[in-house]
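A short reminder: the numbers here are calculations on the coordinates, not readings from a lab. What you are looking at is a predicted structure, and each value in this text was computed from that prediction instead of being measured. For neighbour counting, all protein chains shown are included, and Cβ atoms are generated from backbone atoms with ideal geometry for every residue, glycine included.
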Amino acid sequence: MACSYASSRQDFTPQPIDVTATTDSASGAGSAWNQGGTWEEINKSQWAKESLKRFILEEFQIVDAATGWNVRATTIVKCDGDAKLVFSRGKKRCGYDIALEFDYEGVHVGKSETSSGKINLHDFEDTNGEDYEIHVKSATSSAQDKTTVAIIKKHENALRTVLLAWKQDLLQQ
């Protein structure tokens, strides 16, 4: 009994892979293996903490022209926690839970007065959105320290703006 095989006229020679096509399709949804855009987390804790320190020290500043006080961050006391990028259903989000405390210094323009203290962020995490608390504590109970605490509380949006810029930078990673 003779066996016959169906004739196949298809060309099965290997074809080169277009590298740009495969990298472009994976760029928006996390890893190359995650083409469906299912849940994926990428740890960005170390980068996020270093970036947050830099943002606070370089960008946070309050200039209160009415009183003549300038306030800026001087030293990061504590920056602990974690941060991650989350890809879910094709959308990129950031997740973070960071404890941040830093020293500030106030200088009165035109007078030789200075002030110092600490700023602490309470509940600074992605699930709270903008609903985190900013605690300000002066180093002493002097009049100038009380003045700078009031200025920081009055202009807390300056700090919130810096933190929002940091969050946007985290999303670009």
Rg(Cα)/(2.2 N^0.38 Å) for the chain, N = residue count: 1.70
Ranked from highest to lowest mean number of other Cβ atoms within 10 Å per residue, what is the order of the peptides 93-101, 73-81? 93-101, 73-81
Mind giving me the FRET efficiency for Arg93 and Thr13? R0 is 35 Å, r the Cβ-Cβ distance, nearest 0.05 is fine. 0.20
Those lysines that a straight Cα-Cα span of less than 23 Å connects to Lys111, excepting residues fewer than 8 apart in one chain: Lys137, Lys146, Lys153, Lys154
Relative contact order for region 35-173, counting Cα pairs under 8 Å that sit 6 or more residues apart, in percent: 23
C-alpha long axis of helix 156-171 to longest principal axis of the chain, angle in °: 20
